[in-house]
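Where a number appears in this text, it was derived from the coordinates with a stated rule and is not lab data. Predicted, not measured: the structure shown is a model, and the values here were computed from it. Don't worry about glycine lacking a Cβ; one is built from the backbone with ideal geometry, like all the others, and counts go over all protein chains shown.
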Amino acid sequence: MPFFVVDIALPLPLRRTFDYLPLDGESREHYRPGQRVRVEFGRQLLTGIVLGCKDDSEVPRNKLKPLLERLDDEPLINEDSLSLCRWLADYYHHSMGEVLEHMIPTMLRRGCDLSEADERVWIKNDHHPVVKLRGSKQQALWRLFEEEQDEWPHTELTGLGFTLAQLRSLMEAGLIREEQKLPLPVVVTELQESHTLNAQQQDALKTLSDKTDEFCPALLEGVTGSGKTEVYLRLIENALQQGKQALVLVPEIGLTPQTVRRFQARFDVPVALLHSGLNDRERLQGWRQCREGGARILIGTRSAVFTPLPDLGLIILDEEHDGSFKQQDGLRYSARDFALVRAKQANVPILLGSATPSLETLNNALTGKYLHVKLTRRAGNARAPGMKLHSILHQPLTAGFAQPVLNKMYDHLHNHKQVLVFINRRGFAPLLACRDCGWMAECRHCDARLTLHHYPPHLHCHHCDFQQGIPAICPQCGSEQVEGIGQGTEKIQDELQQLFPDFPVRRVDRDTVRTKAAFDDLYNDIHDGGPCVLVGTQMLAKGHHFPDVTMVVILDADAGLFSSDFRGMEHSAQLICQVAGRAGRAEAPGEVWIQTLYADHPQLNLLLDSGYHALALSMLQERQAQQLPPYSHMALLRAECEERHLAQQLLQQARAYMQQWLQNQHAGQKASPVNLLGPFPAIMERRNGHFRFQLQMYAGERRALHRLAYVLTRYLENEKSLRKVRWHLDIDPLDCL
């Protein structure tokens, strides 16, 4: 048999692949790209992905290791997905093996078989005898098969109170049989009617429907409450009628159950759900349901973009501007950008929806790269809320609220409406301090102060998760004058409950809503109606529909107005608009009060007077004048180490290397095609015990930046003198702090 080696991608940070000898007696035909294999790497046993076969290897034959096991006869990852992974690895300058890990669920990475997703299912026999059943329970069980559906997952039947013995008695009678098979998502039988589209929605649908058979990136820019979701549903309906599958990406786990319920109520097809809140087996089941074509609609968060969909016909990104679509560790990919590449490969349309589109997406729409469709009016009879800046400069506050704001809240509650109070700070107070000596509780591991929590009582670092008890006296001077300074959601809830004792005050943040069930219960309570005050963080701001909320109060709106990140104002404006959009979404008019110390801030006033689109155009002009993204391309090299000087040293060496390389490549040119800035400390220099530095790279041409990034990553990977330092390259970073 001719000699050959198998080219394997392993889940390692090394930007290379590895050669292994085939199993005894196996030929090239046994190895196809996309199969899984088990290999020995050092002292580890790893699951790798076959990329192909080669006639020879750079490694001497006597040093090559044989494969331990071939796990698949057929490839798990098809050629299209492998092609996407190659693009992803090249664009983000990341290891191919770690990229491929994202393509398959955790259980498959561990070497499990696809059949691990199967469940016990009971199926009604087509030809069954006429049997007289004894006992009311057996009769009730048989009625489920006769009157409702022919096939039932075992877990659903036991959840309804039936036992295994009762099921076996029906099986022994020849009525049903037991099988192991992949369960499909529940299909709702009683469907809701579609809403009537207004003129703008009809025009948007017609424009987008004309592009259903080709790659067409489109921005649906619609104010909050304008009915973007109804347009999504109509487009998905068109895709389903053509026998296609649809992929819908949403930014938050909290939005997925709400979105799934709405989609299930409209379509009599299986709707799969994928997000990080599922266990490993549930994720494998959803992945297989999509891969095998059983699920026709997939709704998921960022990582769902990797899921195989053989009949893909449409991709939708809701809230496309949201930062959670960008992975912030490991493979730092943008799900939005990757979805665009995937749509182009599959030659299908992709719709990016937002009331506050990112400046990159808006610029692509304005320059004609994307189709641009607008919805400027709210759907139905809902009116846009009135927005008011309320200056609190030199004004007395009660529990952090100006008195006119409290008066308005009281009016809305007495009219049996709901009020939403937004502050982007969890906990009771952002700081615990001593009134006598000025001591402040700080994290041992980060350049950050500990947040005071009362439920349960403790101090908590929200950056590294360090926790400790609350000191009774100041550890520095022994004073008992130790108290919380500032406000968080806990404190505001307590104080509002005292101010409005006749109305419930509900808090919505990561401390109160830790599970899907907890969020569903709270969401249902809010939708049941009745006057109440909702106090929450960003978790309340994103995409939720609360028909009885008629007033929104935004506290501490100034946090992002003077950010050192050039995207600070963009993110602040998006958040303000998203929170404000929760008000007046039904027929009752809404109003938004924004408390600020800077009521004369020009950009804040432009936002309120002319809307987000006008502010975005102004910010684009500023970006163009300063040659910042989207008018340039950016990468960020970050280094972190327990020893401060080593992190700084790595970036200094990296800068010197890049400068030398650029001089050699572009000798005689007046200006370098890539500008370097730094190294300098991160805004929070020490986090989780590591000192952090960064080096920024800007280029007018994307190709020039990527050529430099390629040689840089290879240089750093081979630089053995600084192995103690962790580094990573972030292409198109969202967080530049």
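Odds and ends about this structure:
- Backbone phi angles across segment 4-9, fed through the Karplus curve with coefficients 6.51, -1.76 and 1.60 (θ = phi - 60°), yield HN-Hα couplings of 7, 10, 9, 8, 10, 9 Hz in residue order; Gly and Pro are listed as x.
- Part-to-part distance (alpha-carbon centres) for segment 34-66 and segment 90-115, which is given in Å: 16
- Under the convention that each Lys and Arg Cβ holds +1 and each Asp and Glu Cβ holds -1, the size of the dipole of segment 150-279 around its Cα centre is about 180 debye.
- Charge dipole of the chain about the Cα centre (unit charges at C-beta), most positive-ward option of ALA654, MET171, LEU247: ALA654
- Fully extending the segment from LYS724 to SER672, taken as 0.36 nm per residue of separation minus the present Cα-Cα distance, adds 15.6 nm.
- Ranking GLN497, TYR598, LEU235 by Cα position along the charge dipole of the chain, where only Lys, Arg, Asp and Glu carry charges on their C-beta atoms, puts TYR598 farthest toward the positive end.
- C-alpha center-to-center spacing [segment 286-311, segment 445-514] in angstrom: 41
- Shape annotation for segment 64-106: C-alpha extents along the principal axes are 32, 25, 20 Å, from largest to smallest.
- Computed E for ARG15/LEU617 - FRET, C-beta separation, R0 41 angstrom, nearest 0.05: 0.50
- Translational diffusion of segment 335-417, µm² s⁻¹ [Kirkwood Rh, Cα pairs; Stokes-Einstein; 10 °C; 1.306 mPa s]: 90
- Simple label model, 7 Å out from Cα along Cβ direction - SER209 to LYS54, nm: 5.3
- The shape of segment 622-702 comes out oblate: with a ≥ b ≥ c from the C-alpha gyration tensor, a/c is at least 1.5 while a/b does not beat b/c.
- J(HN,Hα) series, segment 479-487, from Karplus relation 6.51 cos²θ - 1.76 cosθ + 1.60, nearest Hz, glycine and proline x: 5, 8, 7, 9, 8, x, 10, x, 10
- Once the Cα gyration tensor of segment 133-274 is diagonalised, semi-axes √(5λ) in Å: 42, 15, 14
- Shape call, segment 338-386: gyration tensor on alpha carbons, a/c limit 1.5: prolate
- Amide H to amide H, with H built 1.01 Å from N, LEU431 comes under 5 Å of LEU452, ILE485, counting only residues 5 or more places away or on other chains.
- Within the chain, helix-based [θ] at 222 nm, where runs of 4 or more DSSP H residues each add -39,500 (n - 2.57), nearest 500: -9000 deg cm²/dmol
- Dipole magnitude for the chain: about 1220 debye, using +1 per Lys or Arg Cβ and -1 per Asp or Glu Cβ, origin at the Cα centre.
- Taking 28 Å as the limit for the C-alpha separation, the pairs LYS326/LYS369; LYS326/LYS374; LYS206/LYS326; LYS211/LYS374; LYS326/LYS720 exceed it in the case of LYS206/LYS326; LYS326/LYS720.
- Base-10 log of normalised Debye intensity for the chain (one unit scatterer per alpha-carbon) at q = 0.06, 0.09, 0.11 Å⁻¹: -0.44, -1.00, -1.41
- Alpha carbon centroid spacing (whole Å) that separates segment 399-429 from segment 146-180: 52
- Amide H within-cut-off set for VAL535, under 5 Å, with H built and near neighbours excluded: VAL421, ARG506, ARG507, VAL508
- Potential extension, GLN180-GLN192 segment - 0.36 nm per residue separation minus Cα distance: 1.0 nm
- Footprinting exposure proxy for TRP287, TRP152 (fewest neighbouring C-beta atoms within 10 Å first): TRP152, TRP287
- Here the dipole of segment 1-113 is about 460 debye; that uses its Cα centre as origin and unit charges on the Cβ of Lys and Arg (positive) and Asp and Glu (negative).
- Here's how it looks for HIS390: its modeled amide H is under 5 Å from those of ILE594, GLN595, THR596, which are all 5 or more places away or on a different chain.
- The chymotrypsin sites (Phe, Trp or Tyr not before Pro) found in segment 141-174 include none that occupy coil by DSSP while having at most 12 further C-beta atoms within 10 Å.
- Modelled FRET efficiency - R0 60 Å, ARG383 with ASP73, Cβ distances, 0.05 increments: 0.50
- In plain terms, the residue of HIS102, HIS94 with the fewest other Cβ atoms within 10 Å comes first and the most crowded comes last, giving HIS102, HIS94.
- Farthest toward the positive end of the dipole of the chain, out of LEU314, LEU278, SER27, is the Cα of SER27, where the dipole comes from beta carbon charges about the Cα centre.
- Sparse-neighbourhood loop sites, trypsin sites (Lys or Arg not before Pro) in segment 640-720 - DSSP loop, at most 11 other Cβ within 10 angstrom: LYS670
- DSSP-defined beta bridges in the chain - what % are antiparallel, rounded to 5: 55
- For segment 247-299, a/c is not less than 1.5, where a ≥ b ≥ c are the root eigenvalues of the C-alpha gyration tensor, and a/b does not top b/c. That puts it in the oblate class.
- Scattering profile of segment 568-690 at q = 0.11, 0.17, 0.20, 0.21 Å⁻¹ [log10 I(q)/I(0), Debye over alpha-carbon scatterers]: -0.68, -1.00, -1.12, -1.17
- In order along segment 457-472, the phi-based Karplus estimate (6.51 cos²θ - 1.76 cosθ + 1.60, θ = phi - 60°) of 3J(HN,Hα) comes to x, 5, 9, 9, 8, 7, 9, 10, 6, 5, 9, 8, x, 8, x, 6 Hz; Gly and Pro are listed as x.
- Modelled this way, with points 7 Å down the Cα-to-C-beta line, the labels at ASN524 and ARG644 are 5.4 nm from one another.
- Loop sites in segment 82-112: trypsin sites (Lys or Arg not before Pro), DSSP, at most 14 other Cβ within 10 Å: ARG110
- Extension gain (nm, one decimal) between ARG506 and LYS132, 0.36 nm per residue minus Cα-Cα: 129.3 nm
- Sites GLU442 and ILE123 - FRET efficiency at Förster radius 56 Å, r taken between beta-carbons, to 0.05: 0.35
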